[in-house]
Amino acid sequence: MKAVRVKKELAEEIRKRLERNGFKDRRRRIRFESGYVIIPVVDEFNLKSPHYEIVEDTNPIFRERKNFREIVTQIAGFYPRYADLKVFGDVGLMKLPDSVMHHKKRIAERVAENYRLSSVWLDMGKHGMKRMPRMEPLVGSKSLVEVKENGCIFRFDITEVMFSQGNQYEKMRTAKLVEDGERVVDMFAGIGYFTIPVMKHSNARKCLAIELNHKSYRFLLENLKLNGIKKVIPILGDSMHVTPESCAERVIMGHIRCENFIKTAIDAIDGEGWIHYHEAVPVKVIHRPVERIRREAESLNARVAEVSLRKVKNYSPNVYHVVVDARIRKC
Ligand SMILES: C[S@@+](CC[C@H](N)C(=O)[O-])C[C@H]1O[C@@H](n2cnc3c(N)ncnc32)[C@H](O)[C@@H]1O
(Lines give C-alpha, C1' and ligand atoms only; values in the text may rest on other atoms or scores of the structure.)
Protein backbone atom coordinates (compact mmCIF):
# COMPACT_ATOMS: atom_id res chain seq x y z
CA MET A 1 0.00 0.00 0.00
CA LYS A 2 1.30 3.37 -1.01
CA ALA A 3 1.63 6.63 0.92
CA VAL A 4 3.14 10.04 0.40
CA ARG A 5 5.80 11.18 2.89
CA VAL A 6 5.75 14.93 3.22
CA LYS A 7 7.19 17.65 5.49
CA LYS A 8 4.74 18.95 8.11
CA GLU A 9 4.59 22.49 6.69
CA LEU A 10 3.50 21.21 3.23
CA ALA A 11 1.21 18.42 4.46
CA GLU A 12 -2.09 20.31 4.50
CA GLU A 13 -1.71 21.65 0.96
CA ILE A 14 -0.63 18.27 -0.44
CA ARG A 15 -3.46 16.50 1.42
CA LYS A 16 -6.03 18.86 -0.11
CA ARG A 17 -4.59 18.36 -3.59
CA LEU A 18 -4.62 14.55 -3.25
CA GLU A 19 -8.16 14.62 -1.87
CA ARG A 20 -9.37 16.89 -4.69
CA ASN A 21 -7.95 14.58 -7.36
CA GLY A 22 -9.28 11.41 -5.76
CA PHE A 23 -5.82 10.01 -4.94
CA LYS A 24 -6.10 9.95 -1.14
CA ASP A 25 -6.92 6.50 0.22
CA ARG A 26 -9.83 7.16 2.55
CA ARG A 27 -9.60 3.75 4.18
CA ARG A 28 -6.41 4.64 6.04
CA ARG A 29 -5.63 7.41 8.50
CA ILE A 30 -2.97 10.09 8.06
CA ARG A 31 -0.18 9.56 10.60
CA PHE A 32 3.07 11.14 11.77
CA GLU A 33 6.46 9.45 11.58
CA SER A 34 9.86 10.91 12.51
CA GLY A 35 8.80 14.51 11.87
CA TYR A 36 7.05 13.70 8.59
CA VAL A 37 3.39 13.30 7.71
CA ILE A 38 2.38 10.06 6.00
CA ILE A 39 -0.66 10.52 3.74
CA PRO A 40 -2.14 7.26 2.39
CA VAL A 41 -2.74 7.24 -1.37
CA VAL A 42 -4.38 4.78 -3.77
CA ASP A 43 -2.15 2.23 -5.52
CA GLU A 44 -2.54 3.91 -8.93
CA PHE A 45 -0.93 7.11 -7.67
CA ASN A 46 2.49 7.74 -9.26
CA LEU A 47 2.82 11.51 -9.76
CA LYS A 48 6.35 12.50 -8.82
CA SER A 49 7.09 15.83 -7.08
CA PRO A 50 10.07 17.43 -5.30
CA HIS A 51 7.69 18.22 -2.38
CA TYR A 52 7.08 14.65 -1.28
CA GLU A 53 8.29 11.10 -1.59
CA ILE A 54 6.12 8.11 -2.54
CA VAL A 55 6.75 5.39 0.05
CA GLU A 56 5.38 2.02 1.13
CA ASP A 57 2.90 2.42 4.02
CA THR A 58 4.34 -0.24 6.29
CA ASN A 59 2.24 0.70 9.33
CA PRO A 60 -1.21 1.48 8.00
CA ILE A 61 -3.93 2.49 10.46
CA PHE A 62 -7.36 1.70 9.10
CA ARG A 63 -10.35 3.86 9.86
CA GLU A 64 -13.09 2.28 11.86
CA ARG A 65 -16.32 2.17 9.94
CA LYS A 66 -19.26 3.79 11.63
CA ASN A 67 -22.76 2.85 10.69
CA PHE A 68 -25.29 5.34 9.37
CA ARG A 69 -27.11 5.58 12.71
CA GLU A 70 -23.89 6.52 14.53
CA ILE A 71 -23.03 9.18 11.94
CA VAL A 72 -26.44 10.84 12.07
CA THR A 73 -26.56 10.67 15.87
CA GLN A 74 -23.10 12.19 16.18
CA ILE A 75 -23.95 15.11 13.88
CA ALA A 76 -27.60 15.77 14.76
CA GLY A 77 -27.51 14.72 18.42
CA PHE A 78 -30.24 12.10 17.90
CA TYR A 79 -31.36 9.50 15.38
CA PRO A 80 -34.72 10.33 13.81
CA ARG A 81 -37.31 7.82 12.59
CA TYR A 82 -37.37 7.37 8.82
CA ALA A 83 -33.74 8.29 8.23
CA ASP A 84 -32.30 5.72 5.85
CA LEU A 85 -29.24 4.97 3.73
CA LYS A 86 -29.11 2.69 0.69
CA VAL A 87 -25.83 1.93 -1.03
CA PHE A 88 -25.61 0.82 -4.67
CA GLY A 89 -21.95 0.04 -5.42
CA ASP A 90 -20.14 3.25 -4.58
CA VAL A 91 -23.23 5.47 -4.71
CA GLY A 92 -25.29 6.30 -1.62
CA LEU A 93 -28.96 7.35 -1.41
CA MET A 94 -30.01 9.01 1.83
CA LYS A 95 -33.49 9.71 3.13
CA LEU A 96 -33.67 12.30 5.90
CA PRO A 97 -36.71 13.69 7.71
CA ASP A 98 -37.15 17.47 8.10
CA SER A 99 -35.89 17.40 11.70
CA VAL A 100 -32.28 16.74 10.54
CA MET A 101 -32.44 18.15 7.01
CA HIS A 102 -30.27 21.16 7.90
CA HIS A 103 -27.40 18.70 8.56
CA LYS A 104 -27.77 16.97 5.17
CA LYS A 105 -24.46 18.18 3.72
CA ARG A 106 -22.36 17.23 6.75
CA ILE A 107 -24.06 13.87 7.10
CA ALA A 108 -23.49 13.17 3.39
CA GLU A 109 -19.80 14.06 3.63
CA ARG A 110 -19.29 11.76 6.60
CA VAL A 111 -21.25 8.98 4.91
CA ALA A 112 -19.14 9.34 1.73
CA GLU A 113 -15.92 9.19 3.72
CA ASN A 114 -17.00 6.36 5.97
CA TYR A 115 -18.47 4.11 3.26
CA ARG A 116 -15.90 5.23 0.65
CA LEU A 117 -18.56 6.41 -1.77
CA SER A 118 -18.04 8.43 -4.95
CA SER A 119 -21.36 10.21 -4.51
CA VAL A 120 -24.16 10.65 -1.99
CA TRP A 121 -27.66 11.80 -3.01
CA LEU A 122 -30.64 13.00 -1.05
CA ASP A 123 -33.55 10.75 -2.00
CA MET A 124 -36.74 12.83 -2.00
CA GLY A 125 -39.06 10.02 -3.06
CA LYS A 126 -40.70 8.91 -6.30
CA HIS A 127 -43.48 10.63 -8.14
CA GLY A 128 -46.14 9.82 -10.69
CA MET A 129 -47.11 6.53 -12.33
CA LYS A 130 -43.61 6.28 -13.82
CA ARG A 131 -42.22 6.29 -10.24
CA MET A 132 -39.54 8.83 -11.26
CA PRO A 133 -37.05 9.54 -8.47
CA ARG A 134 -36.28 13.03 -7.19
CA MET A 135 -32.64 13.30 -6.13
CA GLU A 136 -30.40 16.09 -4.93
CA PRO A 137 -26.63 15.66 -5.22
CA LEU A 138 -24.88 16.26 -1.88
CA VAL A 139 -21.44 14.78 -2.55
CA GLY A 140 -20.07 14.01 -6.03
CA SER A 141 -22.24 13.40 -9.08
CA LYS A 142 -21.89 9.74 -10.04
CA SER A 143 -25.36 8.33 -10.72
CA LEU A 144 -24.89 5.31 -13.01
CA VAL A 145 -24.76 2.10 -10.98
CA GLU A 146 -24.77 -1.66 -11.39
CA VAL A 147 -26.52 -3.85 -8.85
CA LYS A 148 -26.17 -7.63 -8.62
CA GLU A 149 -29.23 -9.36 -7.24
CA ASN A 150 -30.53 -12.94 -7.47
CA GLY A 151 -27.76 -13.72 -9.97
CA CYS A 152 -28.89 -10.88 -12.26
CA ILE A 153 -27.21 -7.58 -13.11
CA PHE A 154 -29.21 -4.36 -13.21
CA ARG A 155 -27.61 -1.25 -14.68
CA PHE A 156 -29.46 2.02 -14.15
CA ASP A 157 -29.15 5.70 -13.37
CA ILE A 158 -30.41 6.43 -9.86
CA THR A 159 -31.58 9.91 -10.94
CA GLU A 160 -33.75 8.47 -13.73
CA VAL A 161 -35.27 5.24 -12.46
CA MET A 162 -36.13 3.67 -9.12
CA PHE A 163 -34.77 0.43 -7.68
CA SER A 164 -36.33 -1.24 -4.66
CA GLN A 165 -33.94 -3.51 -2.78
CA GLY A 166 -36.87 -4.53 -0.57
CA ASN A 167 -38.42 -6.47 -3.47
CA GLN A 168 -35.47 -8.84 -3.91
CA TYR A 169 -37.17 -11.88 -2.35
CA GLU A 170 -40.43 -11.22 -4.21
CA LYS A 171 -38.66 -11.18 -7.59
CA MET A 172 -37.12 -14.59 -6.93
CA ARG A 173 -40.35 -15.98 -5.48
CA THR A 174 -42.22 -14.93 -8.63
CA ALA A 175 -39.51 -16.45 -10.85
CA LYS A 176 -39.83 -19.80 -9.02
CA LEU A 177 -43.58 -19.93 -9.59
CA VAL A 178 -43.20 -19.89 -13.37
CA GLU A 179 -43.76 -23.32 -14.92
CA ASP A 180 -42.00 -24.72 -17.97
CA GLY A 181 -43.25 -23.35 -21.26
CA GLU A 182 -45.39 -20.58 -19.78
CA ARG A 183 -45.99 -17.33 -21.62
CA VAL A 184 -45.48 -14.37 -19.28
CA VAL A 185 -46.50 -10.72 -19.50
CA ASP A 186 -44.71 -8.13 -17.35
CA MET A 187 -47.05 -5.14 -17.53
CA PHE A 188 -44.69 -2.71 -15.72
CA ALA A 189 -41.29 -4.00 -16.77
CA GLY A 190 -39.15 -1.00 -15.72
CA ILE A 191 -35.49 -1.87 -16.18
CA GLY A 192 -36.28 -5.58 -15.99
CA TYR A 193 -36.99 -5.89 -12.24
CA PHE A 194 -39.15 -9.03 -12.73
CA THR A 195 -38.58 -9.89 -16.39
CA ILE A 196 -34.87 -10.59 -15.92
CA PRO A 197 -35.00 -12.87 -12.83
CA VAL A 198 -38.05 -14.66 -14.23
CA MET A 199 -36.35 -15.37 -17.56
CA LYS A 200 -33.04 -16.24 -15.90
CA HIS A 201 -34.44 -18.66 -13.33
CA SER A 202 -37.37 -20.30 -15.15
CA ASN A 203 -38.07 -22.14 -18.31
CA ALA A 204 -40.73 -19.78 -19.61
CA ARG A 205 -41.46 -19.89 -23.31
CA LYS A 206 -41.38 -16.10 -23.67
CA CYS A 207 -42.03 -12.86 -21.86
CA LEU A 208 -43.66 -9.68 -23.09
CA ALA A 209 -41.98 -6.83 -21.20
CA ILE A 210 -43.99 -3.61 -21.43
CA GLU A 211 -42.60 -0.29 -20.21
CA LEU A 212 -43.97 3.25 -20.59
CA ASN A 213 -40.95 5.34 -19.63
CA HIS A 214 -38.37 5.56 -22.41
CA LYS A 215 -35.55 6.08 -19.86
CA SER A 216 -36.39 2.82 -18.08
CA TYR A 217 -36.93 1.12 -21.45
CA ARG A 218 -33.40 2.05 -22.54
CA PHE A 219 -32.00 0.33 -19.43
CA LEU A 220 -34.36 -2.62 -19.93
CA LEU A 221 -32.82 -3.25 -23.38
CA GLU A 222 -29.32 -2.83 -21.96
CA ASN A 223 -29.98 -5.16 -19.01
CA LEU A 224 -31.47 -7.86 -21.23
CA LYS A 225 -28.23 -7.83 -23.20
CA LEU A 226 -26.04 -7.65 -20.10
CA ASN A 227 -27.76 -10.74 -18.65
CA GLY A 228 -27.86 -12.65 -21.93
CA ILE A 229 -31.67 -12.91 -21.82
CA LYS A 230 -33.13 -13.85 -25.19
CA LYS A 231 -36.80 -14.84 -25.15
CA VAL A 232 -38.14 -11.40 -24.23
CA ILE A 233 -40.22 -9.16 -26.45
CA PRO A 234 -39.71 -5.62 -25.12
CA ILE A 235 -42.44 -3.11 -25.87
CA LEU A 236 -42.25 0.63 -25.27
CA GLY A 237 -45.82 1.66 -24.54
CA ASP A 238 -48.76 1.87 -22.16
CA SER A 239 -49.71 -1.60 -20.97
CA MET A 240 -53.32 -0.47 -20.69
CA HIS A 241 -53.41 -0.24 -24.48
CA VAL A 242 -50.72 -2.57 -25.84
CA THR A 243 -51.24 -5.73 -23.74
CA PRO A 244 -52.67 -8.35 -26.11
CA GLU A 245 -55.74 -10.35 -25.08
CA SER A 246 -55.54 -14.10 -24.31
CA CYS A 247 -51.77 -14.23 -24.74
CA ALA A 248 -50.33 -15.58 -21.45
CA GLU A 249 -50.50 -18.03 -18.57
CA ARG A 250 -48.98 -15.51 -16.12
CA VAL A 251 -49.22 -11.74 -15.78
CA ILE A 252 -46.95 -9.74 -13.45
CA MET A 253 -48.32 -6.40 -12.24
CA GLY A 254 -45.31 -5.02 -10.32
CA HIS A 255 -46.64 -1.51 -9.75
CA ILE A 256 -48.10 -0.55 -6.39
CA ARG A 257 -50.78 1.67 -7.97
CA CYS A 258 -52.18 -0.37 -10.82
CA GLU A 259 -55.74 -1.17 -9.75
CA ASN A 260 -57.04 0.30 -13.02
CA PHE A 261 -55.08 -2.33 -14.94
CA ILE A 262 -56.64 -5.46 -13.37
CA LYS A 263 -59.16 -5.80 -16.19
CA THR A 264 -56.37 -5.66 -18.81
CA ALA A 265 -54.40 -8.30 -16.87
CA ILE A 266 -57.37 -10.67 -16.69
CA ASP A 267 -58.01 -10.12 -20.42
CA ALA A 268 -54.38 -11.14 -21.10
CA ILE A 269 -54.89 -14.59 -19.53
CA ASP A 270 -55.46 -17.29 -22.10
CA GLY A 271 -58.21 -19.48 -20.58
CA GLU A 272 -56.56 -20.07 -17.21
CA GLY A 273 -53.55 -18.56 -15.49
CA TRP A 274 -52.09 -16.45 -12.70
CA ILE A 275 -51.92 -12.75 -12.08
CA HIS A 276 -49.50 -11.31 -9.50
CA TYR A 277 -51.03 -8.01 -8.45
CA HIS A 278 -49.10 -5.52 -6.28
CA GLU A 279 -50.67 -2.78 -4.19
CA ALA A 280 -49.73 -0.37 -1.39
CA VAL A 281 -52.60 -0.91 1.02
CA PRO A 282 -53.45 0.45 4.50
CA VAL A 283 -53.41 -2.38 7.05
CA LYS A 284 -57.01 -1.71 8.07
CA VAL A 285 -58.26 -2.55 4.55
CA ILE A 286 -55.73 -5.31 3.89
CA HIS A 287 -58.23 -7.43 1.90
CA ARG A 288 -59.01 -4.61 -0.54
CA PRO A 289 -56.68 -5.94 -3.30
CA VAL A 290 -58.32 -9.39 -3.25
CA GLU A 291 -61.77 -7.80 -3.37
CA ARG A 292 -60.75 -5.65 -6.34
CA ILE A 293 -59.60 -8.73 -8.29
CA ARG A 294 -62.75 -10.71 -7.46
CA ARG A 295 -64.93 -7.78 -8.57
CA GLU A 296 -63.11 -7.31 -11.89
CA ALA A 297 -63.10 -11.07 -12.58
CA GLU A 298 -66.83 -11.28 -11.98
CA SER A 299 -67.49 -8.36 -14.33
CA LEU A 300 -65.52 -10.18 -17.03
CA ASN A 301 -67.32 -13.47 -16.57
CA ALA A 302 -64.18 -15.03 -15.06
CA ARG A 303 -63.58 -16.72 -11.70
CA VAL A 304 -60.83 -16.45 -9.07
CA ALA A 305 -60.07 -20.15 -8.61
CA GLU A 306 -57.29 -19.70 -6.00
CA VAL A 307 -56.01 -16.66 -4.19
CA SER A 308 -53.40 -15.69 -1.60
CA LEU A 309 -52.03 -12.43 -0.29
CA ARG A 310 -48.56 -11.82 1.11
CA LYS A 311 -46.77 -8.81 2.49
CA VAL A 312 -43.76 -7.75 0.43
CA LYS A 313 -42.56 -5.00 2.79
CA ASN A 314 -43.61 -2.01 4.89
CA TYR A 315 -44.43 0.87 2.57
CA SER A 316 -45.18 3.70 5.03
CA PRO A 317 -46.61 3.84 8.57
CA ASN A 318 -49.54 1.38 8.65
CA VAL A 319 -49.36 0.80 4.91
CA TYR A 320 -48.03 -2.46 3.44
CA HIS A 321 -46.79 -3.26 -0.02
CA VAL A 322 -48.61 -6.55 -0.72
CA VAL A 323 -48.85 -8.96 -3.62
CA VAL A 324 -51.88 -11.06 -4.49
CA ASP A 325 -51.42 -14.29 -6.43
CA ALA A 326 -54.75 -14.98 -8.10
CA ARG A 327 -55.53 -17.94 -10.33
CA ILE A 328 -58.00 -16.76 -12.94
CA ARG A 329 -60.27 -19.19 -14.73
CA LYS A 330 -62.30 -17.85 -17.60
CA CYS A 331 -65.81 -19.26 -18.00
C1 LIG B 1 -40.72 1.35 -11.02
S2 LIG B 1 -41.54 -0.07 -11.46
C3 LIG B 1 -42.06 -0.71 -9.95
C4 LIG B 1 -40.90 -1.27 -9.17
C5 LIG B 1 -40.63 -2.71 -9.35
N6 LIG B 1 -41.82 -3.50 -9.16
C7 LIG B 1 -39.52 -3.21 -8.42
O8 LIG B 1 -39.57 -4.38 -8.07
O9 LIG B 1 -38.61 -2.50 -8.06
C10 LIG B 1 -42.96 0.47 -12.25
C11 LIG B 1 -42.69 0.73 -13.71
O12 LIG B 1 -43.93 0.77 -14.38
C13 LIG B 1 -43.85 1.72 -15.42
N14 LIG B 1 -45.21 2.09 -15.84
C15 LIG B 1 -46.06 2.94 -15.23
N16 LIG B 1 -47.23 3.00 -15.90
C17 LIG B 1 -47.10 2.16 -16.96
C18 LIG B 1 -47.98 1.77 -18.02
N19 LIG B 1 -49.19 2.29 -18.11
N20 LIG B 1 -47.52 0.88 -18.91
C21 LIG B 1 -46.29 0.35 -18.82
N22 LIG B 1 -45.42 0.68 -17.84
C23 LIG B 1 -45.81 1.57 -16.92
C24 LIG B 1 -43.04 2.84 -14.81
O25 LIG B 1 -42.47 3.67 -15.79
C26 LIG B 1 -42.01 2.06 -13.99
O27 LIG B 1 -40.85 1.82 -14.72
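Structure notes:
- GluC sites (Glu not before Pro) restricted to DSSP loop in the range 1-52 with at most 16 other C-beta within 10 Å: E44
- Straight-distance candidates among the aspartates and glutamates for linking to K231, with alpha-carbon spacing under 18 Å and chain neighbours fewer than 8 residues away dropped: E179, D180, E182, D186, E211, E222, E249.
- Helix 104-115 and the longest principal axis of the Cα set of the chain meet at an angle near 80°.
- Selection from I75, F62, V41 lying farthest towards where the dipole of the range 32-108 points positive, charges on Cβ: I75
- 11 Å reach of a label modelled at I233, 7 Å along Cα-to-Cβ, counting backbone N of the range 181-197: 184-185
- The phi torsions of the range 280-294, fed into the Karplus equation with coefficients 6.51, -1.76 and 1.60 and a -60° offset, translate into couplings of 8, 10, x, 4, 6, 10, 4, 8, 3, x, 5, 4, 4, 5, 4 Hz, rounded to whole numbers, with Gly and Pro shown as x.
- Model label sites at S34 and N260, defined 7 Å from Cα along the beta-carbon direction, differ in position by 7.5 nm.
- Surface exposure of the range 13-58, expressed per residue as accessible area with a 1.4 Å probe, stands at 65 Å².
- Pairs from the table (K130/K263; K230/K263; K66/K95) lying more than 27 angstrom apart at Cα are K230/K263.
- Exposure ranking of D270, D180, D157 by accessible area [1.4 Å probe, largest first]: D180, D270, D157
- Approximate spin-label separation T159-E44, in nm, with each point projected 7 Å along Cα-to-Cβ: 2.1 nm
- C-alpha center-to-center spacing [the range 202-279, the range 294-308] in angstrom: 20 Å
- The portion of the accessible surface of the range 62-119 made up by carbon and sulfur, rounded to a whole percent, is 47 (1.4 Å probe; DNA, RNA and ligands excluded).
- Placed amide H near L122: partners under 5 Å, 5+ positions off or other chain: M94, E136, L138
- Stretch gain in nm, segment N59-D84, where the contour uses 0.36 nm per residue and the Cα spacing is subtracted: 5.5 nm
- Karplus-derived HN-Hα couplings along the range 181-193 (A = 6.51, B = -1.76, C = 1.60, θ = phi - 60°), whole Hz, x at Gly and Pro: x, 5, 9, 10, 10, 10, 6, 9, 5, x, 8, x, 2
- Potential extension, K215-S118 segment - 0.36 nm per residue separation minus Cα distance: 32.6 nm
- Rolling a 1.4 Å probe over the protein heavy atoms leaves L221 with an accessible area of roughly 70 Å².
- Computed in the context of the full set of protein chains, the accessible area of the range 239-331 at 1.4 Å probe radius has 46% of its extent on carbon or sulfur.
- Rounded to the nearest whole Hz, the Karplus-based 3J(HN,Hα) values (6.51 cos²θ - 1.76 cosθ + 1.60, θ = phi - 60°) of the range 254-269 follow the sequence x, 10, 6, 10, 10, 4, 6, 9, 4, 4, 4, 5, 5, 4, 6, 6, with x at glycine and proline.
- Summarising the amide proton neighbourhood of R28: residues at separation of 5 or more, or on other chains, whose placed amide H is nearer than 5 Å comprise R63.
- Here the relative contact order of the chain, from alpha carbon pairs under 8 Å that lie six or more residues apart, stands at 9 percent.
- Heavy-atom accessible surface of the range 119-219, averaged per residue, reaches 40 Å², computed with a 1.4 Å probe.
- Rounded to the nearest 10 degrees, the angle from helix 168-177 to the longest Cα principal axis of the chain is 40 degrees.
The values are calculated or read from the model by the stated rules, or taken from the named source; none is laboratory data. In this text the structure is predicted, and so the values were computed from the model without any measurement. As a convention, Cβ positions derive from the backbone with ideal geometry for all residues, glycine included, and neighbour counts pool all protein chains shown. Ligands, DNA and RNA are stripped out before the accessible areas are found, and what is left, the full protein with its side chains, is counted by its heavy atoms. Shrake-Rupley method; radii C 1.70, N 1.55, O 1.52, S 1.80 Å.
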